[in-house]
1. What residue, among those in region 285-314 that are touching a strand residue (DSSP E or B) at 6+ places or on another chain (Cβ under 6 Å) and of a type in the set (Phe, Trp, Tyr), is modelled with the highest pLDDT?
2. Residues LEU138, LEU99, LEU105, LEU131: which one is in contact with a Pro (Cβ under 8 Å, 6 or more places away or on another chain) and away from ligand 1 (no atom under 16 Å from the Cβ)?
3. Among the candidates ASP323, ASP327, single out the residue that is at positive phi and at pLDDT 85 or above.
4. Quick one: in region 285-326, which of the residues that are surrounded by fewer than 22 Cβ atoms within 10 Å (Cβ to Cβ) and small (Gly, Ala, Ser) is farthest from TYR25 (Cα to Cα)?
5. Return the residues of region 194-225 that are open to solvent by 60 Å² or more (accessible area, probe 1.4 Å), out of contact with any Ser or Thr (no Cβ under 9 Å at 6 or more places or on another chain) and part of a helix (DSSP H, G or I); say none if nothing qualifies.
6. Within region 114-124, does at least one residue satisfy the condition of being away from ligand 1 (no atom under 16 Å from the Cβ), β-branched (Val, Ile, Thr), in contact with a strand residue (DSSP E or B) (Cβ under 8 Å, 6 or more places away or on another chain) and in contact (Cβ under 8 Å) with a residue 60 or more places away in the chain?
7. Considering region 237-284 alone, what residues qualify as being open to solvent by 30 Å² or more (accessible area, probe 1.4 Å), over 28 Å from HIS218 (Cα atoms) and more than 16 Å from ligand 1 (Cβ to nearest atom)?
8. Take region 57-81 and flag every residue that is surrounded by fewer than 18 Cβ atoms within 10 Å (Cβ to Cβ) and within 20 Å of the chain's Cα centre (by Cα).
Amino acid sequence: MLSAGAEKTLSSLSTDLKAIQEKVYAGERISDEEGLLLFEKGSLPFLGALANFIREKKHGDIVYFNRNFHIEPTNVCVFTCNFCSYSRLYARREEGWELSADQMLHMVKKYDGQPVTEVHIVGGVHPKMNLEFFADVLRKIKAHRPGLHIKGFTAVELDYMFRKAKKTNEEGLAYLKEAGLDSLPGGGAEIFDEVIREKICADKVDSQGWLAIHEAAHKLGMHSNATMLYGHIENYSHRIDHMSRLRNLQDKTGGFNTFIPLKFRNKDNDMSHVPESNIVEDMKMYAVARIYLDNFPHLKAYWPMLGRQNAQLSLSFGVNDIDGTIDDTTKIYSMAGAEEQNPSMTTGELVALIKQVKRKPVERGTLYDIIKDYSAIELNDIDGNAKLN
Ligand code: V47
Ligand code: SF4
């Protein structure tokens, strides 16, 4: 039986929200209009309850994390995204870093003997770092550590590389796959709406190009993720439009693993005048994504961007994955004003973070193969010495 409070909440729900609730409980897909209505009229507890229902139906109490590290080959970039705090413009020869293939291999070697399972390679778009250069990097990493999953290159980087090498998406991806690329990260998607995209990142790959690269990757049997940069000048209908294009492609290919909403941060970029979204909006974003994207298996909160406590909170709003241990190897978010200035967490700390909110920590590989269930393991037994407070 429902409590008096819950009865009151239900009876005060508008008919359209009640209809959405019924659809969700029946496992049916909601429409674009209904998605928009959730953003506009759904209260946070209502959205949280629906999103959590779906999340628990799909994954129970499990929260996935992985042990990964990042390589950022360069922060020099030919593009001029207004929200980017990270890149140094190639055209002005500004100071930036550029890693050689051997320097990247050296970074991989630093993890010899450590149980990391994934390297995430992502960076700016440097004209001298071409397809051949990255194929060489991939081959060197695989020769050294064949079992390490390489998740690399946003569709922005790939589009530029392939066009310069005069290759189709299919040819370019097949070439990189052969060299050792295992899957694609979700970056570069930003917002698909053409008008907003023109205002925030006019010169890089367009929406159709981003989707075409992911479709080609899926057809080659590679999985990928999808992101959305939210909380800047877009409105709710742009967010639904973005997720709708992803949902349609996923219906076609089934190749996406995870959706990752990325909260816009406004430090030191050309959009610093745009205020950041608040925590209620952030949790609404996760919840609506979980409800709308019925064909995406996983929803990830990227903890370095969100901060640890908000990442914990997101686990009640549809999120079932909090990314990885990372080990302070990424600069993209700290430079944009993210909560975590030096993001790194040991396995013990990640496990403790998940256990504190009464969920079950499970270490996964990139493709969600289960590596270890930590739910029954005492914190003292986990390497990395969990800090509980
Ligand atoms: O596309 C850049 C974002 C993305 C800002 O696939 C910003 O597992 C907020 O996509 N405020 C790249 N966001 C990183 C990315 C990613 C991260 C973690 C995991 C995965 C995955 C993918 O970073 C860019 C852009 O959307 N970004 N600047 C900023 N100021
Ligand atoms: Fe370059 Fe990526 Fe920054 Fe855009 S977001 S300027 S493509 S590094």
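1. PHE296
2. On the way: LEU138 fails: in contact with a Pro (Cβ under 8 Å, 6 or more places away or on another chain); LEU105 fails: in contact with a Pro (Cβ under 8 Å, 6 or more places away or on another chain); LEU131 fails: in contact with a Pro (Cβ under 8 Å, 6 or more places away or on another chain).
Result of the check over LEU138, LEU99, LEU105, LEU131: LEU99.
3. Working: ASP327 fails: at pLDDT 85 or above.
ASP323 is the lone residue from the list that is at positive phi and at pLDDT 85 or above.
4. GLY307
5. VAL195, GLU198, LYS199, GLN208
6. Step one: filter region 114-124 for residues away from ligand 1 (no atom under 16 Å from the Cβ), giving 114-115.
Still in the running and β-branched (Val, Ile, Thr): none.
No, there is no match, as no residue in region 114-124 is away from ligand 1 (no atom under 16 Å from the Cβ), β-branched (Val, Ile, Thr), in contact with a strand residue (DSSP E or B) (Cβ under 8 Å, 6 or more places away or on another chain) and in contact (Cβ under 8 Å) with a residue 60 or more places away in the chain.
7. The first filter runs over region 237-284 and keeps only residues open to solvent by 30 Å² or more (accessible area, probe 1.4 Å), leaving 237-238, 241, 245, 248, 251-254, 266-268, 270, 272-273, 275-276, 278-281.
If we keep only those that are over 28 Å from HIS218 (Cα atoms) too, we end up with 266-268, 270, 272-273, 275-276, 278-281.
Hit for region 237-284 is VAL280, nothing else.
8. Applying the first criterion (surrounded by fewer than 18 Cβ atoms within 10 Å (Cβ to Cβ)) to region 57-81 yields 57-58, 60-61, 78, 80.
Hit for region 57-81 is LYS58, nothing else.
The values are calculated or read from the model by the stated rules, or taken from the named source; none is laboratory data. Bear in mind that the values here come from a model prediction, so they are computed numbers and not experimental data. We place every Cβ from the backbone using ideal geometry, glycine too, and count neighbours over all the protein chains shown. We work out accessible area using only protein heavy atoms, side chains counted, and drop any ligands, DNA or RNA first. Shrake-Rupley method; radii C 1.70, N 1.55, O 1.52, S 1.80 Å.
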